[in-house]
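Colleague: Got a structure for you, written out below as structure tokens; questions coming shortly.
Every number in this text was worked out from the coordinates using simple rules, so none of it is lab data. Please read these numbers as outputs of a predicted model, since none were measured by experiment.
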Amino acid sequence: EHCIVVLGAGGVGKSSFIIQYLRNVFVEDYDPTIEDFYKTQTDVDNRVCHVEILDTAGQEEYAAALQDQYYLPHRSFVLMYAVNSRNSFDNLESFHGRLVRAMDGESACFVLLGNKCDLPDRVIAEEEGKLLALKWGVPHFSTSAKTRYNVEEAMAAVIREQRRLRDSKRTQGERTLAKKKRRCILL
């Protein structure tokens with residue numbers, strides 16, 4: 001099972017992106033979200049996946065309150081900004097930093113999305129998004145919830161990142177177990 005939390009400032013298109021991913025429909029009307037939870041089943045790399053998506057509020061007062069309650073059990077995060085909003089891009093450092101601190105050394109998966117790439121009034125260059133992703137060591141995608149551009153690809157990347165993290169933890173656990181078995185204790 002894959003649990004994904006979608007974060008970003010209000011109005012970046014988180015809900016539209018999720019609905020486009022789940023239902024192949026673009027929702028024009030902006031209705032501020034406090035929190036919505038979705039479940040679906042999909043196929044990534046010929047493997048069936050059960051996916052739970054938490055659509056969060058963009059408003060800071062809700063995001064801070066929900067963080068402790070919902071974000072920590074999840075280990076996959078989509079950090080989204082709108083390419084036509086400098087403020088939404090600048091806020092991501094705060095979201096990312098708060099999550100990394102809250103994880104307290106635990107590993108987490110992050111994918112950075114620059115949504116609304118279909119709009120002509122872009123103020124965040126794709127290179128700027130890629131540089132931030134490189135700084136954090138995470139995948140980056142330009143997306144459009146309206147045209148469905150890179151929607152499937154971005155969500156598949158989140159699932160692949162979560163699989164990679166799980167496989168890494170499993171391998172580390174196996175190595176630790178093997179080391180414990182090789183120990184010799186003399187009394």
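Colleague: Please compare each pair in Lys14/Lys130; Lys14/Lys39; Lys14/Lys169; Lys14/Lys135 to a cut-off of 25 Å on the Cα-Cα distance and tell me which ones are over it.
Modeller: Lys14/Lys169
Colleague: Amide H neighbours of Phe77 under 5 Å, at least 5 residues apart or on other chains, H built in the peptide plane: list them.
Modeller: Residues meeting the criterion, in which the H sits 1.01 Å from N, are Val5, Cys109, Phe110, Val111.
Colleague: Mind running the shape call on the stretch 106-162? Use the C-alpha gyration tensor, a ≥ b ≥ c as the square roots of the eigenvalues: rounded below 1.5 for a/c, prolate if a/b tops b/c, oblate otherwise. Write out the running numbers ahead of the final one.
Modeller: Details: a/c = 3.31, a/b = 1.37, b/c = 2.42.
Cα axes put the stretch 106-162 in the oblate bin.
Colleague: Check which residues have an amide H placed less than 5 Å from His2's amide H, if you skip close sequence neighbours.
Modeller: The answer is His50, Val51, Glu52.
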